[in-house]
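A short write-up of the structure that comes next.
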Amino acid sequence: MKVLIVGSGGREHAIAWSVSRSSKAEKIYCAPGNAGIAEYAECVDIGAMEFEKLAAFAKENAVDLTIVGMDDPLVGGIVDVFEAEGLRVFGPNKAAAILEGSKVFSKDLMKKYQIPTAAYENFDCAEEALAYLETAKFPIVLKADGLALGKGVLICNTLEEAQEGVKSLMLDHQFGAAGNTIVIEEFMTGREVSVLSFVDGNTIKTMTSAQDHKRAKDGDQGLNTGGMGTFSPSPFYTKEVDAFCKAHIYQATVDAMKAEGRPFKGIIFFGLMLTEEGPKVLEYNARFGDPEAQVVLPRMKNDILEVMEACIDGKLDQIELEFEENAAVCVVLASDGYPEKYDKGLPISGLEEFQKHEGYYCFHAGTKFDGDTIVTNGGRVLGVTAKGKDLKEARANAYAATEWVTFANKYKRNDIGKAIDEA
């Protein structure tokens, strides 16, 4: 098979690595790709939002399957463009990708189909939102309705903070049109867990659990980022939690989307909060998480292309997902100053060390070639991932491997997976 992957981050590198291990993969392309992905795929200089160009490339090069890694093209309707051209593509169409594209849609869906989630109200008028806050209990959560690079969620401890938040989202348009409508919801306490799943419109098969770390600095301080590290599996995702989610959340979401005339094929990412009242949905994503993919895919035993084709063909019920009985930890090496201001174009050394060690991976998130040299090209630069027999060994391995790589403004959190000590 010829495979095209759309995207340029650590998630797409993990997908490209996974596809490269499939016996079905004959040739891999990635648009636009990055310096790390180039090890497995021919990188093509077409942007992820250039749907017509991507579809034309897929046709010209007889691509058998396109895998869309990113949220923006999915929400924008890339799958519809490919399907209209008769091309096979993995991911939800525009009507289904709204599950991630609109927080208002997903909250209303959960309310309608009684899927457990936090109490909330929607607002498209800043004055009404501000008036509501006067009567609200704190802390409280503000969410931009649309896509905001994983940063459109504000946790506000006081009325003043919440008023500032409404102003920055709705009046100052910090995230552009994404903040024209906002969701104000109750603050939930508990452990966060991420569960990725494959879906074929009817059947859902969940992958192993993971937990992301969103804040930039140690101790969950600093600004929200796209993710500073993650571990898998979560020791807090017990058999009881799994049974509850299977009964009340996973299949219920797939059935709800089908009932709404928006059958979902692709990946549903469930962001869960394990509250005292039981698991509740924090958010849905319509694609692999980043950096969750970097710890989940290296533990998956299945041929990823077989699973994805089963999703497209509505035959997922014939697949049994299998994961290794071990653990993986990913520590993101970022550019100092991320997510605000940081330098790019700095040479990276030490990457060849990963070739020498089994169970160690360096997934590129923000890199490019400058001549023959790989240089930094983003805020999150690399996802250093390692496996181990358990979480503690995997964490020790991952942190040891972060020392193999150097670049001038290298920055990382030192407490990824700290929660596993409390399990």
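Pairs from the table (K301/K389; K151/K341; K280/K412) lying more than 22 angstrom apart at Cα are K280/K412. Ordered by 1.4 Å accessible area with all protein chains kept, D372, D290, D72, D317 run largest first as D372, D317, D72, D290. With helices as the sole contributors, the chain gives -7000 deg cm²/dmol at 222 nm; each DSSP H run of n ≥ 4 counts as -39500 (n - 2.57), and the sum is divided by every residue. Take the Cα of E277, step 7 Å along the line toward its Cβ, and report every residue of the stretch 99-134 whose backbone nitrogen sits under 12 Å from that point. Taking a point 7 Å out along Cα→Cβ of E277, the residues of the stretch 99-134 whose backbone N falls under 12 Å are 115-120. Heavy-atom accessible area per residue, the chain, 1.4 Å probe: how many Å²? That works out to 41 Å² for each residue.
Reported to the nearest whole Å, the Cα centre-to-centre distance from the stretch 214-244 to the stretch 303-344 is 15.
For D108 and E52, a Förster radius of 30 Å and the Cβ-Cβ distance give a FRET efficiency of 0.40, rounded to the nearest 0.05. Contact order for the stretch 214-341, expressed relative to its length and based on alpha carbon pairs under 8 Å spaced 6+ residues apart, stands at 30 percent.
A136 sits among other residues whose Cβ lies under 11 Å from its own Cβ, and their net charge, with Lys and Arg +1 and Asp and Glu -1, is -3. Sequence-ordered 3J(HN,Hα) estimates for the stretch 34-42 from the Karplus curve with 6.51, -1.76 and 1.60 and θ = phi - 60° stand at 8, 5, x, 4, 4, 5, 10, 9, 7 Hz, glycine and proline given as x. P(r) for the stretch 1-150, from all Cα pairs and a bin width of 5 Å, is 2, 9, 16, 16, 15, 11, 8, 8, 7, 4, 2, 1, 0 %, short bins first. Normalising the average separation of contacting C-alpha pairs (under 8 angstrom, six or more residues apart) by the number of residues puts the relative contact order of the chain at 17 percent. Rg/Rh, computed from the Cα trace of the chain with Rh as the Kirkwood radius, has the value 0.94. Roughly speaking, to the nearest percent, how much of the chain's 1.4 Å accessible area is carbon and sulfur? Carbon-and-sulfur percentage of accessible area, whole number: 47. Remark on R287: its backbone amide H falls under 5 Å from those of F269, a criterion applied only to residues 5 or more positions apart or on other chains, H modelled at 1.01 Å from N. Near E83: Cβ cut-off under 12 Å, other residues only, Lys/Arg at +1 and Asp/Glu at -1. The net charge is +1.
Potential lengthening of the chain between K151 and S23 amounts to 42.3 nm, from the contour at 0.36 nm per residue minus the alpha-carbon distance. Considering only I249, I15, I155, the mean-square fluctuation computed in a Gaussian network model of the chain, springs between alpha carbons under 10 angstrom, is largest for I155.
Just to verify a number: FRET efficiency for E422 and K59, C-beta to C-beta distance, R0 = 41 Å, to 0.05? The calculated FRET efficiency here is 0.20.
The values are calculated or read from the model by the stated rules, or taken from the named source; none is laboratory data. Small disclaimer: the values here were computed from a predicted structure and weren't measured. Neighbour counts are summed over all protein chains in view; Cβ atoms, including those assigned to glycine, are modelled from backbone coordinates with ideal geometry. Side chains are part of the model used for accessible areas, which takes the heavy atoms of the whole protein and leaves out ligands, DNA and RNA. Shrake-Rupley method; radii C 1.70, N 1.55, O 1.52, S 1.80 Å.
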